[in-house]
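Trainee: The structure under discussion is supplied below as structure tokens; questions concerning it will follow.
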Amino acid sequence: MILVKTAEEIELMRESALVVSKTLGMLAAEIKPGVTGLQLDALAETFIRDHGAEPGFLGMYDFPNTLNISPNAQVVHGIPNDTPFEEGDIVSVDCGALKNGFYGDHAYTFPVGEIAPETQKLLEVTKASLYEGIREFRLGNRVGDVAYAIQHYCEAHGYGVVRELVGHGLGRDLHESPEMPNYGKRGRGKKFVDGMVVAIEPMINMGTKRIRQLRDGWTILTADGKPSAHFEHDVALVNGKPELLSTFAYIYQALGIDSDEEAEFRQTPITL
């Protein structure tokens with residue numbers, strides 16, 4: 001069952017999402033060669049608590065950390081460890097926060113120093129596919145319209161679209177209905193209605209769409225060992241149109257990037 005949110009609840013969810021956005025922005029300045037996932041994890045937990053929220057992932061389903069940190073061929077759900085990042089790595093950071101009884105949950109894949117051109121293209125295409133999907137999250141459309149837009153865009157570039165892992169509804173629970181896959185057919189699935197809030201999150205592999213899981217029970221990797229990228233936004237359906245609750249603006253501020261990519265999806269300005 002889809003749990004429709006009131007306007008007041010959506011604003012509370014925006015607060016939760018922005019805690020995550022600010023956390024990712026803080027981490028953006030810290031991700032460099034020699035830094036470890038455990039160092040980022042400790043910084044994120046302190047930052048989230050200092051901003052009046054609780055880490056959303058810590059302890060959920062017995063997950064041991066605040067962040068999912070997934071470098072290179074890891075797709076998602078990587079457990080932070082003490083292996084230093086190296087020049088040329090990419091690192092997907094997925095973060096959740098619980099504030100005012102609602103969850104925020106989004107992700108960004110960061111380059112570590114200079115990365116290979118083909119890896120940079122993977123990041124650019126994956127992030128662009130996120131916005132392709134968000135454009136289809138509008139009144140009267142269905143889950144399959146978002147899924148098709150992401151799949152079509154990424155497969156046109158020769159990439160593998162992960163099937164087993166999906167986006168989801170978001171609210172008082174981290175995972176609510178509906179599931180939001182990144183592959184599908186137009187006109188299929190649940191119909192969108194005003195007040196829905198979802199996490200749209202393409203997980204895209206440079207090679208095969210196939211994945212495998214480590215014995216730790218969490219870490220998901222590409223089956224062929226090629227890199228994977230992951231970008232995620234929290235989006236509400238307001239007056240028939242997608243409204244971003246999360247933002248990459250804090251990341252871009254930390255990294256000195258000028259971008260207007262979110263403008264078409266934002267009715268409420270972000271204060272940096």
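No lab work stands behind these numbers, since they all come straight from the coordinates. It should be emphasised that the depicted structure is a prediction, and the values quoted were computed from it without experimental measurement. In this analysis, Cβ positions are derived from the backbone assuming ideal geometry, glycine residues included, and neighbour counts consider all displayed protein chains.
Trainee: So what are the range 194-251's ellipsoid semi-axes, whole angstrom, largest first, if each one is the square root of 5 times an eigenvalue of the alpha-carbon gyration tensor?
Mentor: Numbers: eigenvalues 185, 31, 26 Å².
In descending order the semi-axes read 30, 12, 11 Å.
Trainee: Kindly put 272, 237, 27 in sequence by how many other C-beta atoms sit within 10 Å of each C-beta, fewest to most. Can you show the working numbers first?
Mentor: Numbers: 272 10, 237 22, 27 26.
The fewest-first ordering by Cβ neighbours comes to 272, 237, 27.
Trainee: While we're on this one: Ignoring everything except DSSP H segments at least 4 long, calculate the 222 nm mean residue ellipticity for the chain; use -39,500 (n - 2.57) per segment, divide by total residues, nearest 500. Don't jump to the answer; show the numbers that get you there.
Mentor: Values: 5 runs with 75 residues, N = 272.
My calculation for the chain gives -9000 deg cm²/dmol from helical runs alone.
Trainee: So between residue 185 and residue 257, what do we pick up on full extension, going 0.36 nm a residue minus the alpha carbon distance? Intermediate results must be reported in sequence, preceding the final value.
Mentor: On the way: separation 72, 0.36 × 72 = 25.92 nm, distance 3.48 nm.
Net length gain for the segment: 22.4 nm.
Trainee: Starting from the Cα of residue 87, step 7 Å toward the Cβ, then list every residue of the range 1-40 with an amide N under 20 Å from that point.
Mentor: 29-37
Trainee: If each residue of separation counts as 0.36 nm, what is the full-extension length gain between residue 51 and residue 268 once their alpha-carbon separation is subtracted? Mind dumping the intermediate values first?
Mentor: Details: separation 217, 0.36 × 217 = 78.12 nm, distance 2.05 nm.
Result: 76.1 nm gained on full extension.
Trainee: Once R0 is set to 25 Å, what does the formula 1/(1 + (r/R0)^6) return for the Cβ-Cβ distance between residue 165 and residue 38, expressed as a FRET efficiency to the nearest 0.05? Present the calculation step by step, with values, prior to reporting the outcome.
Mentor: Values: r = 24 Å, r/R0 = 0.95.
Efficiency, rounded to the nearest 0.05: 0.55.
Trainee: Normalised by the number of residues in the chain, what is the relative contact order in percent for Cα pairs under 8 Å and 6+ residues apart?
Mentor: Relative contact order comes out at 23 percent.
Trainee: Considering the Cα positions of the chain, please state its Rg to one decimal place and its Dmax as a whole number of Å.
Mentor: Computed over the Cα atoms of the chain, radius of gyration and Dmax are 17.0, 48 Å.
Trainee: Over the range 1-115, what is the relative contact order in percent, taking alpha-carbon pairs closer than 8 angstrom and at least six residues apart?
Mentor: 32 percent
Trainee: Fewest Cβ neighbours within 10 Å first, please rank 49, 142 accordingly.
Mentor: Sorted ascending by nearby Cβ count, the order is 49, 142.
Trainee: Sorted by average packing, counted as other Cβ atoms within 10 angstrom per residue and highest first, what order do 60-69, 111-120 take? Please list the in-between numbers first.
Mentor: On the way: 60-69: 19.1, 111-120: 13.7.
Ranked by mean Cβ neighbours within 10 Å, highest first: 60-69, 111-120.
Trainee: Compute log10 of I(q)/I(0) for the range 38-174 with the Debye formula, placing one identical point scatterer on every Cα and leaving out solvent, at q = 0.11 Å⁻¹, to two decimals.
Mentor: Result of the Debye calculation: -0.48.
Trainee: What is the diffusion coefficient of the range 104-202 in µm²/s, taking the Kirkwood radius over Cα pairs and the Stokes-Einstein relation at 25 °C with a viscosity of 0.890 mPa s?
Mentor: Taking Rh from Cα pairs, D becomes 175 µm²/s.
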